[in-house]
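Only one structure is covered here, and it is reproduced in the block below.
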Amino acid sequence: MSGAAPMILSRLQNLLGGIYDLSVDYDVYDFLVTDRASLPSEVRHRRCEEDLIIAEPVCEPQAAGEAERPAMQVSLYLDPALIDRLAREDPLQRLHGGNVADCWAALEGVSHFLCVAWHADHDRPVSFLELEMQAEVDKYVVSYLLLQRQSPRRFPAELRRLLFDRARIDPDLADGREALYRRASCYAEKFCRGLERDLRSERIDAGQKVLARLRRFYRLPGARKLAHIDSTG
């Protein structure tokens, strides 16, 4: 695995952080694990190329007189072959049919990590449904930006169909959560459909409008996100 390859994850984190105006004190690269044998025994059997592992919080000792503060233990596993492929075909340089699946796999892990870190920093809970829904939105938004940089005059109309209509859930990887994944994808697709309408607009401020909408959405509590999509989609 190339030494520079994992830095793609930090660049993806910075890209997401810029889109949503987020600031966290952690770099996803520092939490990267590429050796499945070093993972907790209960998750080593999983076959997925990307896996965010969150251990039960432990209490950090504090100064005298202060209450103990629970500390979350987080690791992001990515298959080393996936990282090597991303290094050879860097999606941040050029996104195409040959590397889009790998880009989305890595981006899902970075999205999960950033979402967990940001919510933890703000003492806010985040559900598995919210993590999955946000990751799907992030895939659409980041891919749109990358494709627009490559071809500024062309709208990537195929993107939403590729991400949502052609995607399939692998039951072996879903671990009994197929219904949850489908629900997350359904809500994300509905939200991205609204984004697409705004992005296609000929208004001069369309991009800023979409950016403001994304940032407001990110900061909504989970239940309000679903209600927002139901009312606006």
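Laboratory data are not the source of any read-out in this text; all were calculated from the coordinates shown. Just so it is clear, the model here is predicted, and its values are computed rather than measured. Heads up, the Cβs are rebuilt from the backbone with ideal geometry, glycines too, and the neighbour counts pull from every protein chain shown.
What's the FRET efficiency of Arg203 with Ile54 using the Cβ-Cβ distance as r and R₀ = 41 Å, to the nearest 0.05? Kindly include the intermediate steps, with their values, before the conclusion.
Details: r = 41 Å, r/R0 = 1.00.
Once rounded, the FRET efficiency stands at 0.50.
With only Lys, Arg, Asp and Glu charged, each at its Cβ (+1 for the first two, -1 for the last two), find how big the charge dipole of the chain is about the Cα centre; round to the nearest 20 debye.
Working: 33 positive and 37 negative charges, 282 e Å.
Taking the Cα centre of the chain as origin, the dipole is about 1360 debye.
Mind pulling the per residue volume of the convex hull built on the Cα atoms of the chain? Å³ is fine.
Cα convex hull per residue, to the nearest whole number: 143 Å³.
Enter the angle in degrees (range 0 to 90, nearest 10) between the Cα long axis of helix 222-232 and the first principal axis of the Cα atoms of the chain, meaning the one along which they spread out most.
Its long axis makes an angle of about 10 degrees.
Against the globular-protein guess of 2.2 N^0.38 Å, express the Cα radius of gyration of segment 127-233 as a ratio, rounded to two decimals. Let's see the in-between values first.
Numbers: Rg = 14.3 Å, N = 107, 2.2 N^0.38 = 13.0 Å.
This ratio for segment 127-233 stands at 1.10.
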